[in-house]
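This report refers to the structure that appears directly beneath it.
The values are calculated or read from the model by the stated rules, or taken from the named source; none is laboratory data. Please read these numbers as outputs of a predicted model, since none were measured by experiment. Heads up, the Cβs are rebuilt from the backbone with ideal geometry, glycines too, and the neighbour counts pull from every protein chain shown.
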Amino acid sequence: MPERVRRVLLAEDDRFLRRAAEARLRRHGLEVLTAADGEEALRLARAEPLDLVLLDVVMPKLEGFEVLKRLKEDEATARIPVIVLSNLGQDRDVAQAKALGAVAFLVKAHLSLQDLVDRVDAALGTEGT
């Protein structure tokens with residue numbers, strides 16, 4: 001039986017980055033759902049079975065840290081690993097993301113699309129598969 005395709009939610013309000021990351025992750029064999037704001041991200045995470053959430057911090061309607069907090073408080077979504085993506089790289093932002101339950105914090109300015117794929121693989125436990 002073939003392995004189930006992993007489903008990733010990419011919550012990112014920057015259209016260019018969202019499209020580029022979505023295309024790269026799809027080429028890597030992942031199913032990608034996208035959200036352009038925090039409310040949409042929360043709605044999709046609650047409605048769809050997901051293996052991972054990639055979550056921007058600064059988004060319209062509901063900022064990423066609030067989305068992360070709500071995901072981790074909801075029994076239905078609490079076990080989904082979340083990688084926070086941000087241009088804010090201050091120690092307090094990283095500490096806040098980790099305290100809220102993120103498995104990783106990636107600074108977008110220092111991140112290539114291949115780095116993103118590698119970090120997704122690491123979070124999913126699929127490196128080298």
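Based on this model, can you work out whether A41 counts as surrounded by 14 or more Cβ atoms within 10 Å (Cβ to Cβ), more than 15 Å from A123 (Cα to Cα) and touching a helix residue (DSSP H, G or I) at 6+ places or on another chain (Cβ under 9 Å)? Working first, answer last.
On the way: surrounded by 14 or more Cβ atoms within 10 Å (Cβ to Cβ): yes; more than 15 Å from A123 (Cα to Cα): yes; touching a helix residue (DSSP H, G or I) at 6+ places or on another chain (Cβ under 9 Å): yes.
Taking the combined requirement at face value, the residue satisfies it.
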| message | Tell me the residue from V5, V53 that is out of contact with any Phe, Trp or Tyr (no Cβ under 9 Å at 6 or more places or on another chain), within 14 Å of V82 (Cα to Cα) and either of a type outside the set (G, A, S) or in a loop (DSSP other than H, G, I, E, B) (or both), please. | response | V53
| Of residues in segment 104-129 being touching a strand residue (DSSP E or B) at 6+ places or on another chain (Cβ under 7 Å) and closer than 15 Å to V57 by Cβ, the one modelled with the lowest pLDDT | K108
| Quick one: in segment 44-61, which of the residues that are aliphatic (A, V, I, L, M) and surrounded by fewer than 19 Cβ atoms within 10 Å (Cβ to Cβ) is farthest from F105 (Cα to Cα)? | A47
| task | Kindly indicate whether any position in segment 16-36 is at pLDDT below 95, surrounded by fewer than 18 Cβ atoms within 10 Å (Cβ to Cβ) and either in contact with a strand residue (DSSP E or B) (Cβ under 8 Å, 6 or more places away or on another chain) or under 27 Å from A95 (Cα atoms) (or both). | result | yes
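For segment 93-118: of the residues being aliphatic (A, V, I, L, M) and assigned to a helix (DSSP H, G or I), which is surrounded by the fewest Cβ atoms within 10 Å (Cβ to Cβ)?
Result: A109.
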| request: Please list, ordered by first then second residue, the pairs with beta carbon atoms under 8 Å, 6 or more apart or interchain, first in segment 108-120 and among the hydrophobic types (A, V, I, L, M, F, W, C), second surrounded by fewer than 17 Cβ atoms within 10 Å (Cβ to Cβ). | output: A109/N87; A109/G89; L113/A20
| In segment 59-71, what residues are basic (K, R) and either touching a strand residue (DSSP E or B) at 6+ places or on another chain (Cβ under 8 Å) or farther than 18 Å from E48 by Cβ (or both)? | K61, K69
| message | Tell me yes or no: at least one residue of segment 71-79 is in a helix (DSSP H, G or I), at pLDDT 95 or above and in contact with a helix residue (DSSP H, G or I) (Cβ under 9 Å, 6 or more places away or on another chain). | response | yes
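State the number of residues belonging to segment 10-44 that are assigned to a helix (DSSP H, G or I) and among the charged types (D, E, K, R).
So the answer is 10.
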